[in-house]
Amino acid sequence: MTALETAPPRLQGPGIEFSGIDLNLGRTRILDKVSFQVRAGSVHALVGPNGGGKSSLIKTLLGQMPHQGELRLHWPASPGTIGYVPQALEFDRGLPMTVDDFMAAMCQRRPAFLGLSRRHAPAIEQALARVGMLDKRKRRMGALSGGERQRVLLAQGLVPEAQLLVLDEPMSALDEPGVQVFEQLLRDWRQAGTTVLWIEHDLQAVGRLADRVTGLNRRVLFDDTPQQVLTPERLLELFSSHPRQQEASS
Amino acid sequence: MSFEDIRLAIQAWASAGYLPEALAYGFVVNALLAGLLIGPVLGGLGTLVVVKRFAFFSEAVGHAALTGVAIGILLGEPYTGPYGSLFGYCLLFGILLNYLRNRTGLAPDTLIGVFLSVSLAVGASLLLVLAGKINIHILENVLFGSVLTVNAQDLAVLALVSLLVLGLALPLYNRIMLASFNPQLASVRGVAVKPLDYLFVMLVSLVTVAAVKVIGAILVGALLVIPAAAARLLSQSLKGFFWLSVLIATCSTLAGIFLPIALELPVPSGAAIIMVAGLAFATAAIARGTLPSLKGNLG
């Protein structure tokens, strides 16, 4: 074991505290007194059925949804960078936009049609290399497979380096090599002390890769380590239409 | 150096035989200068119009210009350049449309359909009132563009609007595009999505109104769409998309102004410009269907 592997992770990322978060859209209750904590520097998975409020909670965290209750980010020092990897992009598949163009549009001010800026080119190249897309940087985004596009979305989440990463189902379209890339990224983030909040449907992957998992179906149904809570009974309750009122196990 | 100096110099060179004979006429030079100012801006902004799927909106703003002209003339503005009412009405049209899109959740094409119809109804009614007061043929110039009436004031307005649009749209180009790809991601990356949407609507409105004199209210929206659409068919990267769109828009504008004069064709400038752009689009479509390097790309 090397010195690097034995060294404690640098706690760069913030802790997150959701406390009694309520969210109503019209007459519909989307989130009901959602309370749990995300430990700084951990990989925290959020699981639950579609319509269970996972994406709404993410929007709340990103400041895009008016809500009641308290949401606190506990940064170790001054507030750092938040990265976000969406599930998909809305764009015209025939648009003549290469992977490099897309990365330029995401990461730099200089208009993307003028090419990569000198300042951002090394970071973009490194990010594409980390997700295994460097050899496809001149291909059009619309010509990529779903898994390749997902890797590019992961790459944009790496520039600039974020201390808090919010991932919205990043594995949904990944093929096996893509899954390996993602697992390596998770290892890197954990080692760097980056806080990762990760929405995921693949419960096997959550069981394998997350430090902690919260089950959300409008309210928090469980919040513990994957080994403790990813049991058939808990999952049956989580994915049933009318979950029983239950306190979070934390 | 003012536009007047440039015009006089070009006229002198044409009279001396160094440039085509048609350039000896002041109005031709003015019109070409106008084309040189507005063509690249329309081509460049057009790429964002296509990316954001705002084609129908730019058409609607162009049509709204007709009502703006009618209001301006009714309010006593000069019929050769009622810019106050034109800019005022078209900006209001765009801003209100965007506001209602955000507030009502209606699909943009539905709202544009409503706004376009109502605006045309108001415009048609006002024009009927105006019919007894002014020579209604003046409105043909507004509808289809006229190179005969481009004056120094029009060139100054075009230059100002072009500078403003370039000054705002170029530094914000990536952000405007990003906001259309994924508003949530854009927001996390520090893009003020809604204000930027309003700004884009205002830029399209401004450039549309500024180009009405040359291209005409009916056709101005098309020059925001056709060059970018043709460039999209031929390009493999944003670089090619942007610069090809600028090139096609500029060449179409200059050719559409110059060819009817040089060939003595009784075709309004706006119609000629759009026909040249349409020819470029048809060529691009054929090239895409036949050239092996372009064939098979998702279009």
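Here, each number is a calculation from the coordinates, and none is a lab measurement. Everything quoted here is computed from the prediction, not taken from an experiment. All Cβ positions, even for glycine, are placed from backbone atoms using ideal geometry, and neighbour counts span all protein chains on display.
Compared with the dominant principal axis of the Cα atoms in chain A, helix A:146-156 is inclined by about 90°.
Under conditions of 4 °C and 1.567 mPa s, region A:91-162 yields 109 µm² s⁻¹ as its translational diffusion coefficient, taking Rh as the Kirkwood radius over Cα pairs in the Stokes-Einstein equation.
A prolate overall shape is assigned to chain A, the ratio a/c of its alpha-carbon gyration tensor axes (a ≥ b ≥ c) being 1.5 or greater and a/b exceeding b/c. Among the residues of A:90-100, the average count of other protein chain beta-carbon atoms within 10 Å of the residue beta-carbon is 6.
What the phi angles of region B:137-146 give under the Karplus curve with 6.51, -1.76 and 1.60, with θ = phi - 60°, is a coupling list of 5, 4, 5, 4, 5, 5, 6, 10, x, 8 Hz, glycine and proline written as x.
Residue by residue, region A:200-212 carries 3J(HN,Hα) couplings of 8, 9, 7, 6, 4, 5, 4, x, 7, 10, 8, 7, 8 Hz when phi is fed to the Karplus relation 6.51 cos²θ - 1.76 cosθ + 1.60 (θ = phi - 60°); x denotes Gly or Pro. Distances between placed amide hydrogens fall under 5 Å for A:Arg219 paired with A:Asp32, all partners being 5 or more residues away or on another chain.
Structure remark: mean-square fluctuation, Gaussian network model of chain A, C-alpha springs under 10 Å; the largest value among A:Thr98, A:Thr231, A:Thr195 belongs to A:Thr231. Among residues other than A:Ser117 with Cβ under 11 Å from its Cβ, the summed charge is +4 (Lys and Arg +1, Asp and Glu -1). Applied to region A:107-113, the Karplus parametrisation 6.51 cos²θ - 1.76 cosθ + 1.60 on θ = phi - 60° returns per-residue 3J(HN,Hα) values of 9, 10, 7, 4, x, 4, 6 Hz, with x for Gly and Pro. The mean count of C-beta atoms from other chains within 10 Å of the C-beta of residues in B:237-245, rounded to a whole number, is 6.
Membrane-span-like helices in chain B, defined purely by DSSP H runs whose alpha carbon atoms cover 20 Å or more axially and whose average Kyte-Doolittle hydropathy reaches 0.0, are B:26-51, B:55-74, B:83-104, B:108-131, B:152-169, B:193-215, B:220-234, B:238-262, B:269-290. Only DSSP H runs of four or more residues enter the estimate; each adds -39500 (n - 2.57), and after division by the residues of chain A the mean residue ellipticity at 222 nm equals -8500 deg cm²/dmol.
The amide H of A:Leu46, built 1.01 Å from its N in the peptide plane, has A:Trp198, A:Ile199, A:Glu200, A:Thr214 as neighbours under 5 Å, considering only residues 5 or more places off or on other chains.
Residue ranges B:27-33, B:182-188 sort as B:27-33, B:182-188 when ordered by packing (mean number of other C-beta atoms within 10 Å per residue, highest first). Rounded to the nearest angstrom and listed largest first, the equivalent-ellipsoid semi-axes of region B:150-271 from its Cα gyration tensor are 30, 18, 11. Once the mean of 1/r is taken over each pair of separate Cα atoms and inverted, region B:3-290 shows a Kirkwood hydrodynamic radius of 19.4 Å.
Near A:His74, the amide H atoms lying under 5 Å from its own belong to A:Gly15, A:Ile16, A:Glu17; only residues 5 or more places off or on other chains count, and H is placed 1.01 Å from N.
Remark: for residue pairs A:Lys33/B:Lys52; A:Lys33/B:Lys194; A:Lys136/B:Lys194; A:Lys54/B:Lys194; B:Lys133/B:Lys194; A:Lys138/B:Lys52, the C-alpha separation exceeds 31 Å in A:Lys33/B:Lys52; A:Lys136/B:Lys194; B:Lys133/B:Lys194. The residues B:Thr47, B:Thr290, B:Thr149, when put in order of fewest to most other Cβ atoms within 10 Å, stand as B:Thr290, B:Thr149, B:Thr47.
Scaling against 2.2 N^0.38 Å puts the C-alpha radius of gyration of region A:1-113 at 1.39. When restricted to Cα atoms, region A:124-250 yields an Rg and a Dmax of 16.6, 52 Å, respectively. Basic side chains Lys and Arg get +1 at the Cβ, acidic Asp and Glu get -1 at the Cβ, and with that the dipole of the protein assembly as shown about its Cα centre reaches some 340 debye. Each of B:Trp243, A:Trp75 has some number of other Cβ atoms within 10 Å of its Cβ, and from fewest to most they run A:Trp75, B:Trp243. Per the Debye calculation on region B:11-117 with a single equal scatterer at every Cα and no solvent contribution, log₁₀ I(q)/I(0) for q = 0.14, 0.15, 0.18 Å⁻¹ amounts to -0.74, -0.81, -0.98. For a label point 7 angstrom out from the Cα of B:Leu92 toward its Cβ, which stretches of region B:41-84 have the backbone nitrogen within less than 15 Å? Those under the cut-off are B:64-77, B:83-84. Bridging of B:Lys213 to aspartates and glutamates at a Cα separation below 18 Å is possible for B:Glu59, B:Glu77, B:Glu140, B:Asp154, once same-chain residues fewer than 8 apart are set aside. Largest first, the three principal axis extents of the alpha carbons in the protein assembly as shown are 88, 50, 44 Å in whole numbers. Remark: B:Cys251, A:Cys107 ranked as B:Cys251, A:Cys107, counting other beta-carbon atoms within 10 Å and listing the fewest first. Compared with the dominant Cα axis of chain A, that is its longest principal axis, helix A:176-192 is turned about 80°. Fully extending the segment from A:Arg27 to A:Ser117, taken as 0.36 nm per residue of separation minus the present Cα-Cα distance, adds 27.6 nm. Beta bridges per DSSP, both residues in the protein assembly as shown: antiparallel share near 55 percent.
Per-residue shielding of B:178-184, expressed as the average number of other chain Cβ atoms within 10 Å of the residue Cβ, stands at 6.
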